[in-house]
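Enquirer: Shown below is the structure under consideration.
The values are calculated or read from the model by the stated rules, or taken from the named source; none is laboratory data. Quick caveat, the model's predicted, so the values are computed rather than measured. Heads up, the Cβs are rebuilt from the backbone with ideal geometry, glycines too, and the neighbour counts pull from every protein chain shown.
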Amino acid sequence: MPDPVSLPEDVLMQMLMDRLLADQTDASSPFEVIDGVNLFVAPRASASTAGRLLCAARTYGSKLFFHSTGLGRDCRDPELSLWRLLSDLRRQLDFHDPVPVDLAGMREALPNWLARAAAGGGIAIVIQDAQDLSRDGLTADFEWLPGWLPPGIAVLISAPPGPAAEQFRDRASAVFSCSAGDADRDWELSEDLLQSATARQWLELLWISRAGLKIDDLEALTEAQPVDLDPQAPGLLYGERRLALATSRSRGAGSAITAGARNCICGWPSISESRTGPNHWSWLAGTGPRPGALIVSKKP
């Protein structure tokens, strides 16, 4: 059976992981992760925290799953994150079972899949800013995680100090404290970028996209001249000619300049790309009063 279709969020997570792991010059970690839930009390939307989580996960084992709730609105959906986890387990561990299509089925399947993952060598599950994984937007949804985890399964979650972190403490087998890192400044959009007329147009489109956009598509949508971007530009994810906003902080900076864009693009809050023919691309509004409505197209 073929692997489940990759989601736009899968693209974002991989881009963020590639960027973070490329910045890790030292593979060692000061945090000794153990089986069960490991709580990292850390600043919210911190690239330094994400890097520490990944580094700690790599010292635990060779397999890991990463999910950051700050990369977009849909990333905070517990059902989507659970779908991503099961799909990733299936890919990494060569499971032949199909991923259940409904939330109840996924929750029922997860304990068995985790037990099989543990028997297959184990895996570290990393969730950054787990307090934002919520169905109602108020309280964290942690019900999807089984009450008992087999040896060989480590769940690394981060949450900011205070009530957000305290709601996870009872489930935690280990608790670590992390301070803000100097590297976080390298993940904020620069003033030069925010003041660039062309870049501002691109940021508007990136803010309402689900998984960033190809550079060629950004140029077509804005009819702008190419922008010379450093692959390590602060606040951005860049890879294979695709550009995305790196963290919720950069998304916040992007949202501050998009009030006009939301009106000029008919009020739709997300854009995704699709290929509708061998030489025809279109960009679709993903949600709103008429989901999937065609807003612009181009024949190269």
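Enquirer: Filter the range 69-85 for residues that are closer than 18 Å to residue 145 by Cβ and either out of contact with any helix residue (DSSP H, G or I) (no Cβ under 6 Å at 6 or more places or on another chain) or not assigned by TED's automatic domain parsing to the domain that holds residue 28 (or both) and give the result.
Expert: 77, 78, 81, 83, 84, 85
Enquirer: Quick check on residue 51: is it buried (at least 18 other Cβ atoms within 10 Å of the Cβ), modelled with pLDDT of 85 or more and either closer than 25 Å to residue 188 by Cβ or not aliphatic (A, V, I, L, M) (or both)?
Expert: When the stated conditions are applied, residue 51 passes them.
Enquirer: A further question follows. Which residue, of 147, 70, 152, is more than 19 Å from the chain's Cα centre (by Cα), within 22 Å of residue 172 (Cβ to Cβ) and in contact (Cβ under 8 Å) with a residue 40 or more places away in the chain?
Expert: Being more than 19 Å from the chain's Cα centre (by Cα), within 22 Å of residue 172 (Cβ to Cβ) and in contact (Cβ under 8 Å) with a residue 40 or more places away in the chain holds for just one of 147, 70, 152, which is 152.
Per-residue answers, yes or no, for (1) part of a strand (DSSP E or B); (2) within 20 Å of residue 72 (Cβ to Cβ); (3) not assigned by TED's automatic domain parsing to the domain that holds residue 83:
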{"residue": "96", "(1), (2), (3)": "no, no, no"}
{"residue": "99", "(1), (2), (3)": "no, no, no"}
{"residue": "106", "(1), (2), (3)": "no, no, no"}
{"residue": "109", "(1), (2), (3)": "no, no, no"}
{"residue": "113", "(1), (2), (3)": "no, no, no"}
{"residue": "116", "(1), (2), (3)": "no, no, no"}
{"residue": "125", "(1), (2), (3)": "yes, yes, no"}
{"residue": "138", "(1), (2), (3)": "no, yes, no"}
{"residue": "142", "(1), (2), (3)": "no, no, no"}
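Enquirer: Moving on to the next point. Of the residues 92, 131, only one is part of a helix (DSSP H, G or I), in contact with a Pro (Cβ under 9 Å, 6 or more places away or on another chain) and either of a type outside the set (Ser, Thr, Tyr) or outside the structural domain of residue 42 (by TED's automatic domain parsing) (or both); which?
Expert: The match here is 131.
Enquirer: Still on this structure, I have one more. Look through 73, 116 and report the one residue that is within 30 Å of residue 203 (Cβ to Cβ) and either loosely packed, with under 15 Cβ neighbours inside 10 Å or of a type in the set (Val, Ile, Thr) (or both).
Expert: Just one listed residue meets the conditions, 73.
Enquirer: Still on this structure, please answer the following. Any chance you could count how many residues in the range 94-123 are touching a residue at least 12 places away in the same chain (Cβ under 8 Å) and either out of contact with any strand residue (DSSP E or B) (no Cβ under 8 Å at 6 or more places or on another chain) or more than 27 Å from residue 54 (Cβ to Cβ) (or both)?
Expert: Count: 18.
Enquirer: Might you check whether a residue that is of a type outside the set (Lys, Arg), out of contact with any Asp or Glu (no Cβ under 6 Å at 6 or more places or on another chain), part of a loop (DSSP other than H, G, I, E, B) and crowded, with 23+ Cβ neighbours inside 10 Å occurs anywhere in the range 146-156?
Expert: Looking for residues that are of a type outside the set (Lys, Arg), out of contact with any Asp or Glu (no Cβ under 6 Å at 6 or more places or on another chain), part of a loop (DSSP other than H, G, I, E, B) and crowded, with 23+ Cβ neighbours inside 10 Å, one finds none in the range 146-156, hence no.
Enquirer: Check whether at least one residue in the range 164-174 is modelled with pLDDT of 90 or more, part of a strand (DSSP E or B), farther than 21 Å from residue 78 by Cα and in the same structural domain as residue 80 (by TED's automatic domain parsing), and report yes or no.
Expert: Yes, the range 164-174 contains a residue that is modelled with pLDDT of 90 or more, part of a strand (DSSP E or B), farther than 21 Å from residue 78 by Cα and in the same structural domain as residue 80 (by TED's automatic domain parsing).
Enquirer: Return yes when residue 31 is surrounded by 15 or more Cβ atoms within 10 Å (Cβ to Cβ), in contact with a helix residue (DSSP H, G or I) (Cβ under 6 Å, 6 or more places away or on another chain) and either among the hydrophobic types (A, V, I, L, M, F, W, C) or in a helix (DSSP H, G or I) (or both) and no when it is not.
Expert: yes
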